[in-house]
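Trainee: This is the structure, below, for whatever I ask next.
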Amino acid sequence: MDYRNLHPSILRAYDIRGIVGDTFSAADTYAVGRAFGTVVREGGGRSVAVGRDGRLSSPELEAALVDGLAKAGLKIYRIGVGPSPMLYFADRLLETDGALMITGSHNPSHYNGVKMVLKHKPFFGEAILRLGAIAAGGGYDTAPGALVIDRPVMDEYIARLLEDWRGHRSLRVAWDPGNGAAGEAVQRLVKELPGHHVLINEAIDGTFPAHHPDPTVEANLAQLKDLVARESCDLGLAFDGDGDRIGVVDGMGRVLWGDQLLVVLAGEVLAERPGAPIIADVKASRVFVDEIARLGGKPLLWKTGHSLIKSKMAEDDVPLAGEMSGHIFFADRWYGFDDALYAALRLLSILARTDVSLAEMRDALPALVNTPELRFDCPEDRKFEVVEAVRAALARRPGIRINSIDGLRVDTEDGWWLVRASNTQAVLVARCESATYEGLERLKADLRECLENAGLNLPADMDGAHAGT
């Protein structure tokens, strides 16, 4: 029987992802193709789009995935190398029934995986676990008539991005695709934009020789900051390994994190759609909540995870959303998926219609003090137990407010702290924010006490260390 037991660790909450040659192989992507093809045919579908990033393992994995999909008798459009958002665009352009991207996203070069879309919606959670069950049982749908078509969409993707350019002032912009899959698309895009554009690490290279392909880690933005300073740029833009996360640096070399970027982007959206809800994940600053309300919008804190946010956007007709991890989702004039190039274009359009610099916009935001995202190692079978133990202890405490949409976000007189179990790793994620440094220290002490009482051992320096158990 043609079956495959996929390593349980690769069946993640939002995608399939593992270490190539260890937990993940071409045989696995073949099985994923057969299982996903079965699901597509169950729903009456007949076509899929397939793309890949620039990792050295991606050509082999993509070929095996296509072979598996072909067994289901599907029409398969191979769009080639590019960012994940280009695949999502192809899914809409070609009106396919599903789409699959071979990518390791922001992970190191020896990782790879598969991101999936079914009927233009995120494919995640229990649906991914079912793929593993189908593969393990060998219960595949097999049909003749497969048709594999090479169908590049880069030209159409860039043209569609440019349709939403609305600027009139020339800008000086630094770009760092990080040798990731967005490199060619960025090169093509900047040729059509006004202004002065300087690129580094634009060549697609699956070894990521310059730095790790994750712009939400500030150390990975060092080259971009230097370039902004050297070229006197108005801002710098960076992308992760598959182009769905954005990093932004202002003209003074300061990072705008996901919640700050959302506020800048939301002004334009809310001017055209007053009263609209704007979503951020639960790690977002109080600045996001207050500023969206000030702009006339309805701030909504939601569960972390790009698939969860996309689903909530569709459910509540939300025009804009984002995460601290750099995923930005536009359903305003765009399709509702996370696309770092589109977010960059909208940001540049805003800046090119005003004399106010990005640095000045950042300075205008209220100043609060907060920790970075704190990550504490916690066994997979204990991480939710720890959160529940903290919840039970807090139930007896007066004078606090708790948002439990995703973990626990605890509001006190000093500000707030958050603890939640990661959906993708054996860690707890935490963050604290206050108006004062003294308040921040009290919040950190409270968080420490709650976690230690629940059985977690924390490092002396919570801001700078990754805790152990």
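Trainee: Given Cβ point charges of +1 (Lys, Arg) and -1 (Asp, Glu) and nothing else, what value in debye, to the nearest 20, does the dipole of region 152-288 about its Cα centre take?
Mentor: With only Lys, Arg, Asp and Glu charged at Cβ, the dipole is about 460 debye.
Trainee: State the dimensionless ratio Rg/Rh of region 365-408 (Rg: radius of gyration of Cα atoms; Rh: Kirkwood radius).
Mentor: Result for region 365-408 is an Rg/Rh of 1.05.
Trainee: With the Cα gyration tensor of region 27-67 in hand, convert its eigenvalues to equivalent ellipsoid semi-axes via √(5λ) and list them largest first in whole Å.
Mentor: Values: eigenvalues 90, 24, 7 Å².
Whole-Å semi-axes of the equivalent ellipsoid: 21, 11, 6.
Trainee: Turning to a different aspect of this structure: Picking from 111, 26, 365, whose Cα lies most toward the positive end of the charge dipole for the chain (charges on Cβ: Lys, Arg +1; Asp, Glu -1)?
Mentor: 26
Trainee: Can you list the GluC sites (Glu not before Pro) in region 97-206 that are in a DSSP coil and have 15 or fewer other beta carbons within 10 angstrom? Kindly include the intermediate steps, with their values, before the conclusion.
Mentor: Working: sites: 126, 156, 163, 184, 192, 202; in loops: 192, 202.
Here the sparse-neighbourhood loop sites are 192.
Trainee: Using a 1.4 Å probe over the heavy atoms of the protein chains, calculate the carbon and sulfur portion of the accessible area of the chain as a whole percent.
Mentor: Within the chain, the accessible surface is 50 percent carbon and sulfur.
Trainee: A further question on this structure: Project the alpha carbons of region 43-126 onto their principal axes and report the range along each, largest first, in whole Å.
Mentor: 37, 27, 23
Trainee: Translational diffusion coefficient of region 181-312 at 20 °C, 1.002 mPa s, Stokes-Einstein with Kirkwood Rh over Cα pairs, in µm²/s as a whole number.
Mentor: Result for D is 131 µm²/s.
Trainee: Note down, for region 270-378, the three equivalent ellipsoid semi-axes (square root of 5 times each alpha carbon gyration tensor eigenvalue), biggest first, whole angstrom.
Mentor: Numbers: eigenvalues 90, 75, 43 Å².
Whole-Å semi-axes of the equivalent ellipsoid: 21, 19, 15.
Trainee: What is the projected area of the convex hull of the Cα atoms of region 1-74, averaged over all directions, in nm²? Provide the component values of the computation, followed by the final result.
Mentor: Working: hull surface 21.4 nm².
It is 5.4 nm².
The values are calculated or read from the model by the stated rules, or taken from the named source; none is laboratory data. Since the model is a prediction, treat every value here as computed from it, not as a measurement. Methodologically, a virtual Cβ is constructed for each residue, glycine included, from the backbone with ideal geometry; neighbour enumeration extends over all protein chains shown. Quick note on the areas: whole protein, heavy atoms, side chains included, nothing else; ligands and nucleic acids left out. Shrake-Rupley method; radii C 1.70, N 1.55, O 1.52, S 1.80 Å.
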